1. Which aspartates and glutamates, on any chain, are close to K38 with Cα under 12 Å apart, when same-chain ones fewer than 8 places away are left out?
2. So, R0 is 41 Å and r is the distance between the beta-carbons of S99 and N214; what FRET efficiency does that work out to, to 0.05?
3. Stretched out fully, how many nm does the piece from I190 to A270 gain, at 0.36 nm a residue minus the Cα gap?
4. Please go through the range 33-93 and write out the GluC sites (Glu not before Pro) that DSSP classes as loop and that have at most 11 other C-beta atoms within 10 Å.
5. How high is the relative contact order of the chain? Use alpha-carbon pairs under 8 Å, at least six apart in sequence, and give a whole percent.
6. Please give the contour-minus-distance gain from T260 to E120: 0.36 nm per residue of separation, less the Cα-Cα distance, rounded to one decimal in nm.
7. Rg/Rh for the range 20-120: what does it come to with C-alpha atoms and Rh from Kirkwood?
8. If you find the alpha carbon centre of the range 56-91 and of the range 201-253, how far apart are they in angstrom?
Amino acid sequence: MAKLSSRGNLTNLPEKTGGNKSLGRIIAIANQKGGVGKTTTAVNLGASLAIAEKRTLVVDSDPQSNASSGLGVELDPEKPDLYDCLVDGASIADAIRTSVHFPMLDMVPARRDLAGAELELIDRVQRERVLRVALDSVRDMYDYILIDSPPSLGLLTLNALVAADTVLIPIQCEFYALEGLSQLLNTVRIVQRNMNRKLGIEGVLLTMYDSRLNLSKQVKGEAEEYFGAKVFKTWIPRNVRLAEAPSFGQPIALYDVLSTGARGYLSLAAEIVRKDERKQASVA
């Protein structure tokens with residue numbers, strides 16, 4: 001199994017710090033590997049937080065726009081999307097689609113033109129802060145803002161990390177699960193040191209976990225060895241219904257609330273909310 005290249009560096013990971021508790025917490029969901037469950041997590045964690053009566057905004061920052069289609073959001077040519085906000089300066093408030101499946105779930109969708117945003121922003125001053133500035137205007141409307149990042153460490157992901165309070169890292173329970181994570185963690189450190197000092201690790205989420213397989217147990221052990229308490233107690237099982245839900249444009253809690261996938265994301269939302277409530281109580 002691939003291991004992280006330097007265990008020593010992992011002991012210095014930034015702690016989860018959160019932001020001003022009067023404002024919505026912004027969580028970037030990031031891992032430069034594809035197929036690890038970033039979009040699935042953005043869609044279903046967002047829905048689960050909304051079910052928990054937390055005002056939640058999902059921001060689709062991936063040019064593949066799978067989070068948008070996974071929530072059944074169709075682009076309206078009369079309304080801006082994330083590309084228009086980042087490149088043309090449109091108001092992100094105007095790009096929000098409200099009450100997506102649930103009263104407390106909103107979304108900023110993306111279109112495939114977002115792939116060109118990195119080139120169009122390359123000469124802009126403070127290009128890594130464009131998303132942060134846009135979200136600052138609406139974060140007091142929400143308890144949580146989730147950013148679905150693309151499978152790369154390019155300018156779109158950098159914008160997500162600069163805008164975020166914390167980063168949630170999904171890891172698929174496969175043989176090469178930990179490969180490349182050192183690069184992501186080094187990027188997090190660079191962002192924290194130079195662009196966003198408050199950025200912390202929200203947690204590491206094990207996805208596509210199968211308790212019957214030794215490989216899943218091995219990945220879980222490796223992740224806990226390197227990340228310790230940063231690994232969520234909740235893990236997301238491999239689940240057919242979870243894989244089917246996006247084709248119907250629905251989060252798993254709506255498509256099949258009794259499935260193991262739905263239970264997993266509802267449990268993850270509850271774990272995050274409980275941690276935040278304990279933290280707020282401790283500083284009150």
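Nothing in this text is a laboratory measurement; each read-out follows from the coordinates by a stated rule. Keep in mind that this is a model prediction, so the values were computed, not measured. Methodologically, a virtual Cβ is constructed for each residue, glycine included, from the backbone with ideal geometry; neighbour enumeration extends over all protein chains shown.
1. D60, D62, D148
2. Computed FRET efficiency for S99 and N214: 0.40.
3. On the way: separation 80, 0.36 × 80 = 28.80 nm, distance 3.05 nm.
My answer for the length gained is 25.7 nm.
4. Working: sites: E53, E74, E78; in loops: E53, E74, E78.
Passing sites in the range 33-93 are E74, E78.
5. Working: 570 pairs, mean separation 76.4, N = 284.
Relative contact order for the chain comes out at 27 percent.
6. Values: separation 140, 0.36 × 140 = 50.40 nm, distance 4.21 nm.
Residue separation times 0.36 nm, minus the Cα-Cα distance, leaves 46.2 nm.
7. Numbers: Rg = 13.4 Å, Rh = 14.0 Å.
Rg/Rh: 0.95.
8. With the range 56-91 and the range 201-253 each reduced to a Cα centre, they are spaced 26 Å.
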